[in-house]
């Protein structure tokens, strides 16, 4: 992780030094409250609070951007009372998810790194790299494509002899957003797939794991922006294996259902 962050930072510093335009500090901070935590078509928990904070720089009139920060999920099921078999008094488990992120964007092309950390019994984690392209920058079209691959951490598949091998779990996402500027309404669609066997996504072969339709209404005020959104998600494959992410959902067994809906409210500064 440190090597990736150093490489990204060094690249951005070189760009900034050579850039003739003014380099500006940038930040994003806020939080969402969602009825369900849905991640790439997968149910990871119920009612959740999801704060995020990012800092970075913009250059060349925002054509080049660097961001680094933290995102977290704290669900209602992440506070769990566990009975102690010895004295019966029990104890409380606290199992949030905390993700550390860094990314660079240049003229629509993006690359980044995410470290997923789960505060479950084993404190599991995954390390992921990704690349993508947003067609809006040059073509004025709200379409984008992203590819994500797990490169370290708890990401394995097992052969017939029950021997673990690196899975390189990957996810391809195609998306499109259309915004009605005068109304502050955005309609979005996502199509996501896991191309090969993965415990992370719960599939044993190629699977279409995420078909999502979303509507978002935004209100902008002097210092804050409010987002109200609703989405429906279909996972055509469902989950056929026990995934490494189930710790985030606690003991809620709804993770294997194929159809989910989310209502969310966000406040951003």
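Quick grid of which residues meet (1) over 19 Å from the mean Cα position of the chain (by Cα); (2) at pLDDT 95 or above:
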{"site": "91", "(1), (2)": "yes, no"}
{"site": "102", "(1), (2)": "no, yes"}
{"site": "112", "(1), (2)": "no, yes"}
{"site": "115", "(1), (2)": "no, yes"}
{"site": "139", "(1), (2)": "yes, no"}
{"site": "144", "(1), (2)": "no, yes"}
{"site": "147", "(1), (2)": "no, yes"}
{"site": "155", "(1), (2)": "no, no"}
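Quick check: anything in segment 24-32 at pLDDT below 85, touching a strand residue (DSSP E or B) at 6+ places or on another chain (Cβ under 8 Å) and either closer than 23 Å to residue 173 by Cβ or in a loop (DSSP other than H, G, I, E, B) (or both)? No, the conditions are met nowhere in segment 24-32. Note on segment 124-155: residues that are in contact with a strand residue (DSSP E or B) (Cβ under 7 Å, 6 or more places away or on another chain) and in a loop (DSSP other than H, G, I, E, B) total 5.
Yes/no per residue for (1) modelled with pLDDT of 95 or more; (2) on the phi < 0 side of the Ramachandran plot; (3) surrounded by 14 or more Cβ atoms within 10 Å (Cβ to Cβ); (4) in a helix (DSSP H, G or I):
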| residue | (1), (2), (3), (4) |
| --- | --- |
| 162 | no, no, no, no |
| 171 | yes, yes, yes, no |
| 177 | yes, yes, yes, no |
| 205 | no, yes, no, no |
| 216 | yes, yes, yes, no |
| 227 | yes, yes, yes, no |
| 248 | no, yes, yes, yes |
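The set of residues from segment 43-81 being in a helix (DSSP H, G or I) and buried (at least 17 other Cβ atoms within 10 Å of the Cβ) comprises 77, 78.
The values are calculated or read from the model by the stated rules, or taken from the named source; none is laboratory data. It should be emphasised that the depicted structure is a prediction, and the values quoted were computed from it without experimental measurement. FYI the Cβ positions are ideal-geometry reconstructions off the backbone, even for glycines, and counts take in every protein chain you see.
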